[in-house]
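What follows is a set of notes on a single structure, which appears directly below.
Read-outs: derived from the displayed coordinates by stated rules, not from any lab. Predicted, not measured: the structure shown is a model, and the values here were computed from it. Note that each Cβ is placed from the backbone with ideal geometry, even for glycine, and that neighbours are counted across all protein chains shown.
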Amino acid sequence: MDFDPICREEAARVLATLIRLLGSFDLAEEATQDAFAAALECWPRQGVPSNPRAWLISTGRHKAIDALRRRARLEDKREDLLLLAAPQEQIAIEDDMVGDDRLRLIFTCCHPALMIEAQVALTLRTLCGLKTEQIARAFLVPVPTMAQRLVRAKQKIRDARIPYRVPPAEELGERLAAVMLVVYLVFNEGYNAASGEALIRGELCAEAIRLGRLICELLPRESEARGLLALMLLQDSRRSARTSATGEIILLEEQDRALWNQAQIREGLALVESALRGGSGPYSVQAAIAAVHARAARAEETDWPQILALYDVLLGMQPSPVIELNRAVAVAMVQGPLEGLRVLGEIEARGELRGNHLLPAARGDFSRRLQRWEEAAEAYRAALALAGNDAERRFLARRLAEAESHVSS
């Protein structure tokens, strides 16, 4: 019996429902692990039950009661035990109720009372099922630090009595924005890791896409949720072409587009069109930009004027120096690198991206294209001093060496 697919499919659903039934993240996590351990022992002998999810939820609840009974100082847990042991008419395990449980869990993990780092960690732990060690490794922090971050987040939920529910309609827009931001942050850390050896952390990209699908499934009328999923799919479709076999960065214009994932592109393009019909938002517009790249069979066929126009729309929706920096790249492609340098100068003058390696890296690229080798070398040195990811540092070092060779020749 292949147990892994059932585990992957049901783990988050079972955990979400057990959190509702037990009222405790820690107790529910323990009960979920116990339920799956029991299934691993029983199902090979007795066969998989007709409703595996119901079996796991019921077993998990009974395991929680047994765990409380075994604990020392039982008197401290008497009220919890009486509540759990009380007869219930039926444990709610219908698909729509389990869907509601997962939706409640998403909004609980992404409650604004929690720091954004805690929201990301708790989401990966509960909804994605990643182990503490995996989350710590992904974000390059010690395991004890990540463990404490998770403990504090759960304590905050308990002590602040954060409700385990979907927020009312008047709060949904703001809270959904926080949920999507957490998913987007998870994806970005996977897509372009801030530090470490590898440029891409595929497991984080995959988990973010899975969460994006879940949000679309549970909130089918939210067009921006479809826009976010489209954006992630279209960007992730280029994963295999973004680095060489040795982990070196391959720029977009140099990538082998035959390696792009066409199934993801088709799905992403359909989602973009659907999202834009529902009303444009920042994620949908970013997805539309990614779609322009995806539709170009060759780099030379990219519709850069359309991309620039879309960045103008995006900047009007969501003013940001990072968006301005991306727009500067489009300006350089449409109007030439000299105009791109002028736009970068305006961004630099405000000092909002001081400390971000991408700004001097862009200056180095524009200067390189103009064959201003001394300026390019200076910019690449500045970018190299700020970059934290090893793959990006190696790329910048190669660019710096190229510029310096021209200066000295």
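One table, with the values for the structure above:
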{"item": "Calculated FRET value between LEU315 and LYS131, using beta carbons and R₀ = 60 Å, to 0.05", "result": "0.90"}
{"item": "Cβ-derived FRET efficiency at R0 45 Å, SER58 paired with ALA296, nearest 0.05", "result": "0.30"}
{"item": "Sorted peptide list for 250-262, 386-398, 226-238, criterion being average Cβ within 10 angstrom, highest first", "result": "226-238, 386-398, 250-262"}
{"item": "More than 17 angstrom apart: percent of Cα pairs within region 260-325", "result": "43 percent"}
{"item": "Shape call, region 146-200: gyration tensor on alpha carbons, a/c limit 1.5", "result": "oblate"}
{"item": "Dimensionless Rg/Rh of region 326-378 - Kirkwood Rh, Rg from C-alpha atoms", "result": "0.94"}
{"item": "Cα→Cβ-extended label distance, 7 Å offset, between GLU352 and THR246, nm", "result": "3.9 nm"}
{"item": "Percent of alpha-carbon pairs separated by more than 33 Å within the chain", "result": "42 percent"}
{"item": "Shape call, region 228-372: gyration tensor on alpha carbons, a/c limit 1.5", "result": "oblate"}
{"item": "Distance from region 320-350 to region 274-316 (C-alpha centre basis), Å", "result": "17 Å"}
{"item": "5 angstrom amide H check on THR243, placed H, neighbours 5+ away", "result": "ILE250"}
{"item": "Distance between modelled label sites at ASP256 and ASN188, nm, 7 Å Cα→Cβ extension", "result": "3.1 nm"}
{"item": "ARG165 paired with ARG70, simple spin-label distance in nm, labels 7 Å along Cα-to-beta-carbon", "result": "3.5 nm"}
